[in-house]
């Protein structure tokens, strides 16, 4: 891959000269993820959800800013991987641990000991497979320029965790789906679309509403978020399949 002029001179520049406006937004993504983990330590799960949602917004905004400023250096791609790991793998795992480990919610069902093992296994699954998913994305040639995702994006899992924790749903609605989605991130060959354009703005609406209003107004915001995340997770692969099928049909010559 041919390097840009900015990358060729990277060794001669200071870090402050290398960082663009888009990179600052990407760094904010990681900082929001870190703030979410600190909030869990303080037992402020509402703040933890808010910071994780702010991280998801920053993850979308950095790409827009990069295109506006026409950033040529690939530093942002590496920063993006580190920030995503912090905000979409580690932070959700910490939130799940803080919310459910040792919870009395297991007492009347599978038992607290079994519940704690389930929590530990869930966050281990999410962390390991999330890391593999992000590593595969960065390793794949032209990963950031692809129009589709091979495997479920870690952001989708993070949004599901945020919505279900904000709604204070029973552990059974949180942990098993996270295990299944984590497995889908790496083990499946399913494809999900890269959300952009007006669809990206539509997905941002429930995120912003949840940040602003939380669980007020009859839980409308977090329920809209869980519907949006669920729709993407369930409908993404069929959408990509039909789109690729139509593209193939359009390229096939007709002999009539």
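Read-outs throughout are calculated quantities, based only on the coordinates presented, and are distinct from any laboratory measurement. Being a predicted model, the structure only gives us computed values, none of them experimental. Backbone-built Cβ (ideal geometry, glycine too); neighbour counts: all protein chains shown.
Percent of Cα pairs in the range 33-137 per distance bin of 10 Å, from zero to the largest separation: 15, 36, 31, 13, 5, 1. Taken over the alpha carbons of the chain as equal point scatterers, the Debye sum produces base-10 log I(q)/I(0) values at 0.10, 0.15 Å⁻¹ of -0.53, -1.09.
Using only Cα atoms, tell me the angle between helix 112-139 and the longest principal axis of the chain; keep it within 0 to 90° and round to the nearest 10. Its long axis makes an angle of about 0 degrees. Here residue 208 and residue 140 are evaluated by their C-beta separation; at R0 = 22 Å the FRET efficiency comes out at 0.10.
Spatial offset of the range 110-177 relative to the range 220-243 amounts to 16 Å, using the alpha carbon center of each. By the count of other C-beta atoms within 10 Å, a proxy for reagent exposure, 78, 218 are ordered fewest to most as 218, 78.
Per the Debye calculation on the range 75-224 with a single equal scatterer at every Cα and no solvent contribution, log₁₀ I(q)/I(0) for q = 0.17 Å⁻¹ amounts to -1.04. Panel order for 108, 87, by other beta carbons found within 10 Å of each beta carbon, from fewest to most: 108, 87. What is the angle, in °, between the Cα long axis of helix 154-166 and the longest principal axis of the Cα atoms in the chain? Nearest 10 is fine, range 0 to 90. Value to nearest ten degrees: 30. One chain, two ends: residue 147 and residue 44. Fully extended at 0.36 nm per residue, the span grows by 33.4 nm beyond their Cα-Cα distance.
What ranking do 125, 88 get, fewest neighbouring Cβ atoms within 10 angstrom at the top?
Values: 125 19, 88 28.
So the ranking, lowest neighbour count to highest, is 125, 88.
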